[in-house]
Structures are given as C-alpha cells and as structure tokens.
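Reading through the structure tokens given below for one structure.
No value in this document is a laboratory result; all are computed from the given coordinates. Note that this is a predicted model, so its numbers are computed, not measured. As a convention, Cβ positions derive from the backbone with ideal geometry for all residues, glycine included, and neighbour counts pool all protein chains shown.
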C-alpha cells in the first residue's frame, strides 16, 4: 500500500472528510471568500458561521452575494486544509459514497481535542490580488 501526499489528494477526498463547518473548525481549516467581480478577499470566521448557520451546514458549492456595497458579484469560498499549503476552491461534486442517501455527519470533537487555531494565518499566494504580488 502506498502513501499519497496530502497535496496530491483529489478535492473529493477533502470534501468527504470536511463536509460541514463544524468538521472544518475541528480540523483547523483556514477559509476565506473571494468575489468573482470586485475580487474582494475576506477571511471567513468559521465560528460565527457555525453559530449563524449551524455546525452541520456546508460551505462547499455555496455562492452567496458579495458583501461590498454596490457590487453585484457572487462569492466563492476558498480554503486551506490542515497540515498543507494547498489553496483550493471549495467546489466539488457530491461524493460517490453518498449517492442516493443522506450522509451521516459525525459528532463534533470536544473543544479540548480540537486543533489549535493559528494566531495569525498567512494568506496563501493564490488568494492575493495579482497586482499585489
């Protein structure tokens, strides 16, 4: 049996393991939103999103409207999984093992077992504006 580096795993693999906001918090994901029109990049506060939407809600394939006044664009969520530096758009097909059934979301981890959040997470290069490089 061979090992596949975390950076080389397909996006569907990540979706199965971190489908909900609660799972992303427990695993230590860094998530931000990018507007497709004005290119506004904002960090996503997962704790607030879990409080507002619920732990079982997902950010995968979600496209809310932009928060900038006057912008009519839509937001795409991007994230960096734990222990990797891979920036990925949270856009993936429904996992094959969930076809035709409602997935069971595992219970959340206790706060003492969660990954420690980074004090000052760095913005990945892919999330920066092209003219700011």
Cubic angstrom per residue, convex hull over Cα atoms of segment 1-93: 102
Most to least packed among 21-27, 32-38 [average Cβ atoms within 10 Å]: 21-27, 32-38
Ordering of 46-57, 9-20 by burial proxy (mean other Cβ atoms within 10 Å per residue, highest first): 9-20, 46-57
Taking all pairs of distinct alpha-carbon atoms in segment 53-97, Kirkwood radius in angstrom: 12.6
